[in-house]
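K.L.:
Here it is, the structure in full.
The values are calculated or read from the model by the stated rules, or taken from the named source; none is laboratory data. Note that the structure is predicted; figures quoted are calculated from it, not measured. With ideal geometry, Cβ positions are generated from the backbone for all residues, glycine too; neighbour counts draw on all protein chains shown.
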Amino acid sequence: MLLTTTAAAALMLLQQAPAESTDWDAEFGVEVKERDAVTGELPVDPYTQSNANAGAKPYDGAVLAADFGGREGIARIAARTVDLSEADPRIADIFAANDMVRLKRTLGEQFCYLLGAGCEYTGRDMKTAHAEMGVTKADLNALVENLQIAMREAGVPFAAQNRLLSKLAPASKDIIER
C-alpha cells in the first residue's frame, strides 16, 4: 500500500498542468473561420453558381409566389423552416454543423426561384450541398414536416404548398445518402 501511495504521489509530481496560454486550436490544427462582416456567413470553397443548382425549373409567373407572401414571405418561411429544424431533436444534429445564416439565405433563394418570384439561386447543387451528411429518408421527411408547419403558419394555401413540395421532391435522390 505504501508503494502504491508513493508511486501515485510521484506520478502527480511528474504530471504538469498545461500552460494557461496554450492555444489548443493551434496545437491540434483546428482552423478558425471568420464570418463575413457584411453577410454574417462563413466562407465556402468556390463553386459554379447557377439557377440549375436549384434542382428544378421555376413556375412561370408570380401568382404562386403571391400565395407565399412574395419574396419577403418566402424568406420568412425558409428561415422558419430552418429554425424549426434546428430545434427538432430528430434532425438537429444535421443542422448543428452547418452555417445557418447561409442556409436560410440559400433556402429562401431556392424557394423564391422555384416559385417564380424572380430570384436567382446562388447555392450549391443538391448533391454537393448534402454530400457526406448521411441524410436518411426519415431525416428528409422531418425537414418536409417542418417546411409544412412553416407554410401553414404563414397561411399558405394547401394547394400552393403541394406545388412547392412537388418541385422539391425530385431532389430527394440527390440528398438522401443512406
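K.L.:
Among the residues of region 81-119, what is the count of those that are crowded, with 19+ Cβ neighbours inside 10 Å, in contact (Cβ under 8 Å) with a residue 60 or more places away in the chain and not basic (Lys, Arg)?
P.N.:
Qualifying residue count, region 81-119: 5.
K.L.:
If you take the residues of region 157-175 that are more than 17 Å from LEU107 (Cα to Cα) and in contact (Cβ under 8 Å) with a residue 40 or more places away in the chain, which of them is surrounded by the most Cβ atoms within 10 Å (Cβ to Cβ)?
P.N.:
Only one residue tops the list, namely ALA160.
K.L.:
I'd like the full set of residues that are closer than 17 Å to PRO46 by Cα and assigned to a helix (DSSP H, G or I), limited to region 120-147. Steps first, answer last, please.
P.N.:
Let us first name the residues in region 120-147 that are closer than 17 Å to PRO46 by Cα, namely 121-131.
Within region 120-147, MET126, LYS127, THR128, ALA129 qualify.
K.L.:
Another question, then. So which residues in region 63-78 are buried (at least 18 other Cβ atoms within 10 Å of the Cβ) and either part of a helix (DSSP H, G or I) or of a type in the set (A, V, I, L, M) (or both), if there are any at all? First the steps, then the outcome.
P.N.:
The first filter runs over region 63-78 and keeps only residues buried (at least 18 other Cβ atoms within 10 Å of the Cβ), leaving 64-65, 67-68, 71, 73-75, 77-78.
LEU64, ALA65, ASP67, ARG71, GLY73, ILE74, ALA75, ILE77, ALA78 - these are the residues of region 63-78 that are buried (at least 18 other Cβ atoms within 10 Å of the Cβ) and either part of a helix (DSSP H, G or I) or of a type in the set (A, V, I, L, M) (or both).
K.L.:
Being outside any helix (DSSP H, G or I), out of contact with any helix residue (DSSP H, G or I) (no Cβ under 6 Å at 6 or more places or on another chain) and among the polar types (S, T, N, Q), is that true of even one residue in region 157-174? Lay out the reasoning, then the answer.
P.N.:
Keep residues of region 157-174 that are outside any helix (DSSP H, G or I), which gives 157.
This time we only want the ones that are out of contact with any helix residue (DSSP H, G or I) (no Cβ under 6 Å at 6 or more places or on another chain), so: none.
Scanning region 157-174, I find no residue that is outside any helix (DSSP H, G or I), out of contact with any helix residue (DSSP H, G or I) (no Cβ under 6 Å at 6 or more places or on another chain) and among the polar types (S, T, N, Q), so the answer is no.
K.L.:
Kindly establish whether THR39 is of a type in the set (Val, Ile, Thr), touching a residue at least 12 places away in the same chain (Cβ under 8 Å) and assigned to a loop (DSSP other than H, G, I, E, B).
P.N.:
Values: of a type in the set (Val, Ile, Thr): yes; touching a residue at least 12 places away in the same chain (Cβ under 8 Å): yes; assigned to a loop (DSSP other than H, G, I, E, B): yes.
Yes, satisfied.
K.L.:
Can you tell me which residue within region 103-119, out of those that are among the aliphatic types (A, V, I, L, M) and in a helix (DSSP H, G or I), is nearest to the chain's Cα centre (by Cα)?
P.N.:
Taking region 103-119 as the starting set, the residues that turn out to be among the aliphatic types (A, V, I, L, M) are 103, 107, 114-115, 117.
The next check asks that each one be in a helix (DSSP H, G or I); those that pass are 103, 107, 114.
Working: LEU103: 5, LEU107: 9, LEU114: 18 Å.
Filtering region 103-119 for residues that are among the aliphatic types (A, V, I, L, M) and in a helix (DSSP H, G or I), the one nearest to the chain's Cα centre (by Cα) comes out as LEU103.
K.L.:
Is it the case that ALA150 is of a type in the set (Gly, Ala, Ser), surrounded by fewer than 15 Cβ atoms within 10 Å (Cβ to Cβ), in a helix (DSSP H, G or I) and modelled with pLDDT of 95 or more? Can you show your working first?
P.N.:
On the way: of a type in the set (Gly, Ala, Ser): yes; surrounded by fewer than 15 Cβ atoms within 10 Å (Cβ to Cβ): no; in a helix (DSSP H, G or I): yes; modelled with pLDDT of 95 or more: yes.
No.
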